[in-house]
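The block underneath contains the structure these notes are about, expressed in structure tokens.
The values are calculated or read from the model by the stated rules, or taken from the named source; none is laboratory data. Given the structure is predicted, the values throughout are model-derived calculations rather than measurements. Virtual Cβ from ideal backbone geometry, glycine too; neighbours counted across all protein chains shown. The accessibility values were calculated without ligands, DNA or RNA, using every heavy atom of the protein model including side chains. Shrake-Rupley method; radii C 1.70, N 1.55, O 1.52, S 1.80 Å.
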Amino acid sequence: MDFFSAFPNPRGFFPCNLSCKFIEWIKIGGGCILTAITTNNDLFILSTTHTRENLKHLRQTLKFFCPQCKGELQLRVGDIVIPHFAHKKDANCLQLFSDGESKDHLEGKQQLYHFFETKGLSVQLEPFIKDLSQRPDLLVTTQNEQYAIEFQCSNIPIEMVQARTKGYMNAKIVPIWLLKTPNFKQQKSTSIQLIQLSPFRQQFITRHSQHGTTLLTYNPTTAMFMYYSHLLFIQGYSFIAKVQQLPIAHQHFPFLQLKEPTKEEFGLYWQVHLHIRNRFLRQRFYLSRKGVQDLLLKGCYSARMGLEQLPLFIGLPVRNAQYIDVYILEWQASFFFFLQDCQKSILQVDDELISIFMKNNQFYFHDERGKEAILHYISLLKKLHIHSIHSSTKEAEILQLLHNEFLAKCYEN
């Protein structure tokens, strides 16, 4: 628990890139169900406390019906997929269950339902919200809020996520999207490490003014929450993150958050960053096929320095770096080469000069957010008293500045 801290999070965990554009929700019929109504109109929930032997006996003595369409359900008790209800073939039900839910999804919903129950919270499994025509995996009610919990085990169109999120928020329900923990083949046991997040997973990164960026996931096989927090964008799908797992038995609600990295932990961020930077330089030097046409190598030649001599203040992690389509070292070096050609120092940079750099460069800058990355970089250089590519500064000074910036803004994008 030393790694975690609790905080009130009234807005929950929902995709940070929520579109304001209305997108019609697509209804999907059929599929697996964990709740049913008995002949006596009692709600029956398939929980982890039911044994397969007990359920096999119950299906001989009870009939079960869909809570929405009232059609009769089959109780399936197999050896592989966990016990679940299913509509009979060709049933025409408008309830929103996905077809062929995975074992992980079914188990995850059951485990999370049990988790909220043990916390003494009012929780419903697969309730149908008529006004929204939506059915969250779980609906949790506290004294102040309602939370729709969506445990997502597979990739779906982000438009679906946005539409469901919009519906919940319009109904004053806090949406919490909880992804299944990805199976990273090279995930290390250390807390600070390099991770790869696909564009789909990146949509579920949440941002908090105090705790920064977090991707929270859950693994029903191990009954562990996995935190990927204080994400520092590097390039493409690559992030440096503080990674920590938490057993479901130790979790709280609202969900705990990882404490900010210590100065020692941030030193590990810096070491991972340097490793990536050095690898990029080696590969560029030995594997570049452009020869003298390689603008990075050409710029170094003009500046009368080798590629490996580029100072450490070129390649600094900055906010909004993902909105420039090349590695941070490349565009930051290009920026210095541009200033050198213009015979300008960092102190002489203005909006017009930045616009010329963006317009005449081969890199792609995504709208104004690409410009914001350049502005943040310039602010860091000024704080380090860097005027040109030939300025010097100590590594310790760079590390201290980045640590302060990281804690202040958590490199929110």
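Values for this structure:
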{"item": "Within the range 143-241, strands (runs of 3 or more DSSP E) holding 2 or more residues that are in contact with a Phe, Trp or Tyr (Cβ under 6 Å, 6 or more places away or on another chain) and either open to solvent by 40 Å² or more (accessible area, probe 1.4 Å) or over 25 Å from residue 267 (Cα atoms) (or both)", "result": "146-152, 174-180, 224-235"}
{"item": "Residues located in the range 257-286, provided they are of a type outside the set (D, E, K, R) and touching a residue at least 60 places away in the same chain (Cβ under 8 Å)", "result": "257, 258, 261, 266, 267, 268, 269, 270, 272, 276"}
{"item": "Selection from the range 298-313 of residues that are under 23 Å from residue 238 (Cβ atoms), assigned to a helix (DSSP H, G or I) and open to solvent by 30 Å² or more (accessible area, probe 1.4 Å)", "result": "308"}
{"item": "Residues located in the range 314-325, provided they are in a loop (DSSP other than H, G, I, E, B) and open to solvent by less than 30 Å² (accessible area, probe 1.4 Å)", "result": "314, 315, 316, 317, 318, 320"}
{"item": "Condition met for residue 284 (open to solvent by 20 Å² or more (accessible area, probe 1.4 Å) and in contact with a Leu (Cβ under 9 Å, 6 or more places away or on another chain))", "result": "yes"}
{"item": "Residues being open to solvent by 50 Å² or more (accessible area, probe 1.4 Å) and in a helix (DSSP H, G or I) - total across the range 242-276", "result": "7"}
{"item": "Verdict on residue 396 being closer than 23 Å to residue 232 by Cα, open to solvent by 30 Å² or more (accessible area, probe 1.4 Å) and modelled with pLDDT under 95", "result": "no"}
{"item": "Subset of the range 113-122 [of a type outside the set (Gly, Ala, Ser) and either closer than 16 Å to residue 67 by Cα or out of contact with any helix residue (DSSP H, G or I) (no Cβ under 8 Å at 6 or more places or on another chain) (or both)]", "result": "113, 114, 116, 117, 118, 119, 121"}
{"item": "Residue match in the range 120-136 (condition: under 18 Å from residue 102 (Cβ atoms), more than 17 Å from the chain's Cα centre (by Cα) and in contact (Cβ under 8 Å) with a residue 60 or more places away in the chain)", "result": "yes"}
{"item": "Test: residue in the range 326-335 that is within 26 Å of residue 304 (Cα to Cα), buried (at least 16 other Cβ atoms within 10 Å of the Cβ) and of a type in the set (Gly, Ala, Ser)", "result": "yes"}
{"item": "Count of the range 340-354 residues which are surrounded by 19 or more Cβ atoms within 10 Å (Cβ to Cβ) and either acidic (Asp, Glu) or in a helix (DSSP H, G or I) (or both)", "result": "1"}
{"item": "Output for the range 67-78, where each listed residue is at pLDDT 75 or above and either outside any loop (DSSP other than H, G, I, E, B) or under 23 Å from residue 108 (Cα atoms) (or both)", "result": "67, 72, 73, 74, 75, 76, 77, 78"}
{"item": "Residue list for the range 100-130, restricted to those being at pLDDT 90 or above, assigned to a helix (DSSP H, G or I) and of a type in the set (A, V, I, L, M, F, W, C)", "result": "112, 115, 116"}
{"item": "Residue 391 being crowded, with 18+ Cβ neighbours inside 10 Å and over 30 Å from residue 211 (Cβ atoms)", "result": "no"}
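Residue-wise test of (1) assigned to a helix (DSSP H, G or I); (2) over 18 Å from residue 330 (Cα atoms).
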{"position": "356", "(1), (2)": "yes, no"}
{"position": "359", "(1), (2)": "yes, no"}
{"position": "372", "(1), (2)": "yes, no"}
{"position": "382", "(1), (2)": "yes, yes"}
{"position": "387", "(1), (2)": "no, yes"}
{"position": "397", "(1), (2)": "yes, yes"}
{"position": "401", "(1), (2)": "yes, yes"}
